[in-house]
Amino acid sequence: MKGLIFTQLSAMIEEQQGLAFLNSVIEESKLPSGGSYTQGGQYDPVEIHAILACMERRLGIPEEFLLRSFGEYLLVSMAGLYPVFFEVEDLKHFLLSVDRHIHVEVEKLYPDSDLPTFEYRDEGGSDLTIFYRSKKKLCALAEGLISGASRHFEEDCSLIHSTCMHRGDPQCTFELSIYDKK
Ligand code: HEM
């Protein structure tokens, strides 16, 4: 998994809990990489689970919640790092561009990346169904990214996670209803 994800996760932990907490989590998680990440590096995705599991133990917040809130944080970071991807007219166009454009460009930039696939059912109007597939099963991260995007575009959005790979389904389904701009 790309170092960018780990550098941002470390930044979030440091911002929210302080450097001493981050260092102690890294030490306690016994990470194969040692935990000093670089943006262009490549790391085993199990490290993300090791870090979050340690935080779950220390803070009493379930890993799934932590991953969702990391997704929200990550979206804000991505908007700062890659503003060009956000130059679209609204939330729906942005979400449709993730698989068709953004992740395609990410793969060109980092040929060693291992990205998820999204398929869409768009019947026009304000509803959009997204089907997420990835062997990493980071659906809580995807949910947080979507919620972060809803905030970025200032469009409220409800999300029903109606099928889930963690429950044995072949893919996760996110059924979205997007409301008018505030
Ligand atoms: C709502 C919007 C987005 C969603 C739902 C989304 C979803 C995801 C998910 C779930 C992953 C984890 C990998 C996996 O599941 O296999 C991922 C990885 C990644 N995404 Fe996105 N993403 C979004 C927007 C973006 C944007 C704006 C960028 C900007 C560059 C981006 C760049 C990346 C990168 C670099 C990775 C790491 C790939 C790797 O580890 O090899 N994504 N994305």
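Given the criteria crowded, with 16+ Cβ neighbours inside 10 Å, aliphatic (A, V, I, L, M) and either in contact with a helix residue (DSSP H, G or I) (Cβ under 8 Å, 6 or more places away or on another chain) or modelled with pLDDT of 95 or more (or both), does Ile146 qualify?
yes
Which one of these is in the same structural domain as Ile160 (by TED's automatic domain parsing), surrounded by 13 or more Cβ atoms within 10 Å (Cβ to Cβ) and within 14 Å of Ser150 (Cα to Cα): Leu95, Leu115, Leu74?
Leu95
What are the residues in the stretch 120-133 that are on the phi < 0 side of the Ramachandran plot and either without any contact (Cβ under 8 Å) to a residue 40 or more places away in the chain or buried (at least 18 other Cβ atoms within 10 Å of the Cβ) (or both), if any?
Tyr120, Arg121, Asp122, Glu123, Leu128, Ile130, Tyr132, Arg133 - these are the residues of the stretch 120-133 that are on the phi < 0 side of the Ramachandran plot and either without any contact (Cβ under 8 Å) to a residue 40 or more places away in the chain or buried (at least 18 other Cβ atoms within 10 Å of the Cβ) (or both).
Within the stretch 64-82, take every residue that is near the ligand (Cβ under 10 Å from one of its atoms) and of a type in the set (Ser, Thr, Tyr) and give me the one that is farthest from Ala142 (Cα to Cα).
Tyr82
Within the stretch 83-97, can you find the residues that are within 10 Å of the ligand (Cβ to nearest atom) and touching a helix residue (DSSP H, G or I) at 6+ places or on another chain (Cβ under 8 Å)?
Phe85, Phe86, Leu91, Phe94, Leu95, Ser97, listed by residue number.
In the stretch 8-48, how many are on the phi < 0 side of the Ramachandran plot, more than 16 Å from the ligand (Cβ to nearest atom), at pLDDT 95 or above and not hydrophobic (A, V, I, L, M, F, W, C)?
Total meeting the criteria: 9.
Please tell me if Asp99 is of a type in the set (Asp, Glu) and not in a helix (DSSP H, G or I).
Considered against the rule, which asks whether it is of a type in the set (Asp, Glu) and not in a helix (DSSP H, G or I), Asp99 comes out as no.
When you scan the stretch 9-25, do you find a residue that is hydroxyl-bearing (Ser, Thr, Tyr) and not in a helix (DSSP H, G or I), even just one?
No: the stretch 9-25 contains no residue that is hydroxyl-bearing (Ser, Thr, Tyr) and not in a helix (DSSP H, G or I).
For Lys92, work out the one condition from (1) in a helix (DSSP H, G or I); (2) at pLDDT below 95 it doesn't fulfil.
(2)
The values are calculated or read from the model by the stated rules, or taken from the named source; none is laboratory data. Everything quoted here is computed from the prediction, not taken from an experiment. Quick reminder, even Gly has a Cβ in these numbers, built from the backbone with ideal geometry, and neighbours come from all protein chains shown.
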